[in-house]
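For reference, the structure discussed in these notes is given below.
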Amino acid sequence: MTRPDEEAAVTGHFVRSYVITGGRRLPEADELSLHTLVTLAPDAELPLGASPEVREIWELCAGGYLAVAEVSAHLGLPVGVARLLLTDLFEQGHLLRRAAPPRAQLVDRETIEKVLHGLQTRYG
């Protein structure tokens, strides 16, 4: 059984997320994955009336590229909330993003066997 103060803390966390996002959800065409790298655009200016969370994102991203997951962790916010704030800043032209590198192609067994044979020949 939870104590009343524990329940209030959990509820407060959900309410905070709702207030930060204004009750909005991510757009269906959201392209920010956890691995997407974001940084400030060179000519970006902090929007007037920016929330404390946006100000913190601004400071974090001013230092170079960070992954969406890293921004979320630094903010101490759920990933969905951080993604929504980052999407807003990206759509306003304040952020640049770099997609995660493509996955490496699988190498066939024959190539691996040739490499292994070469290593065994050279290093015994």
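Read-outs: derived from the displayed coordinates by stated rules, not from any lab. Computed from a prediction, not measured in an experiment: that's the story for all the values here. So basically every Cβ, Gly included, is an ideal-geometry build from the backbone, and we count neighbours across all protein chains shown.
To the nearest 0.05, what FRET efficiency results for Ala73 and Arg24 with a Förster distance of 22 Å applied to their C-beta separation? Write out the running numbers ahead of the final one.
Details: r = 22 Å, r/R0 = 0.98.
Working from the Cβ atoms, E equals 0.50.
What full-extension length gain, to one decimal in nm, is calculated for Tyr65 and Leu96 as 0.36 nm per residue of separation minus the Cα-Cα distance?
10.3 nm
How high is the FRET efficiency between Arg55 and Asp108 when r is their beta carbon distance and R₀ equals 30 Å, given to the nearest 0.05?
Here the calculated transfer efficiency is 0.05.
Packing-wise, with mean Cβ within 10 Å as the measure, how do 71-77, 40-46, 85-91 rank, highest first?
Output ranking for 71-77, 40-46, 85-91: 85-91, 71-77, 40-46.
So if we plug the beta-carbon distance of Tyr123 and Ala41 into 1/(1 + (r/R0)^6) with R0 = 35 Å, what FRET efficiency do we get, rounded to 0.05? Please list the in-between numbers first.
Working: r = 50 Å, r/R0 = 1.42.
My answer for the efficiency is 0.10.
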